[in-house]
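Shown next, in structure tokens, is the structure this report addresses.
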């Protein structure tokens, strides 16, 4: 039997969301929802879709992992020379999306990405498994390579180079902080009449909370 994609459908009935029930600050609201995602033991609750925009105006997206919520923003780490890193260097505007299907929830974030301090990037890098540290040196991320043996050879090269010593963070690898100016919380509801509560940052640094039609 041929699968009809258009017929894939489910009703969302787990919870509701109202303006009167959310925190006055969206970071606090996110932390509440994230704690519930952790408690539910869903797979990769910190996985988020990161959208960037090239100098040509073309968007691109990929899944990365959230590694912290601090300084009023969202932290992730990557190779600065990767496609996303190069696009952020040309256009700081980015978007993040979390989708927790098991909780029938989504969070959309729009903001600007900037470099974390070298000290914070060093601190996180040194907390990673040694093999991951070496991998950061070995991978020319987003570049075309002939085959997997290229990566394996580079990994072996850096294993030997850092033998019997600590692996230092490469200068082309580190963290970004995404400071949001818009955050939307989506709770699935029956009949596609979903709850959408958004926070918009004003010039006075206050957040305005509103309900959106689904």
Nearest 10 degrees, 0 to 90: helix 148-161 Cα axis against the chain principal axis: 60
Need the full-extension length gain, residue 146 to residue 41, defined as separation in residues times 0.36 nm minus the C-alpha distance. One decimal, nm. 33.9 nm
For region 1-113: rounded, prolate or oblate by the Cα gyration tensor [a/c cutoff 1.5]: oblate
Global form of the chain, assessed from the alpha-carbon gyration tensor, a/c cut-off 1.5: prolate
Approximate spin-label separation residue 67-residue 208, in nm, with each point projected 7 Å along Cα-to-Cβ: 3.6
I need the calculated FRET efficiency for the pair residue 114 and residue 11, taking r as the beta carbon distance and R₀ as 30 Å, to the nearest 0.05. 0.15
Using only the Cα atoms of region 87-146, build the gyration tensor, take square roots of its eigenvalues as a ≥ b ≥ c, and label the shape rounded, prolate or oblate: rounded if a/c is under 1.5, else prolate if a/b is larger than b/c, else oblate. prolate
For the pair residue 58 and residue 159, the simple spin-label estimate (label points 7 Å beyond Cα toward Cβ) gives in nm 3.7
Within the set 96, 116, 151, GNM on the chain using Cα springs under 10 Å gives the largest fluctuation to 151
Determine, from the Cβ-Cβ distance of residue 122 and residue 90 and an R0 of 22 Å, the FRET efficiency 1/(1 + (r/R0)^6), rounded to the nearest 0.05. 0.30
What distance in nm separates the two pseudo spin-label positions at residue 190 and residue 102, each 7 Å out from Cα along the beta-carbon direction? 2.5
Using the per-residue mean of other Cβ atoms lying within 10 Å as a proxy for protection, in what order, highest first, do the peptides 134-141, 72-79 fall? 72-79, 134-141
Given springs between every Cα pair under 10 Å in a Gaussian network model of the chain, which of 120, 160, 67 has the largest fluctuation? 160
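Read the figures in this text as sums done on the coordinates, not as results from a lab. Predicted model only: the values in this text are computed from it and were never measured. FYI the Cβ positions are ideal-geometry reconstructions off the backbone, even for glycines, and counts take in every protein chain you see.
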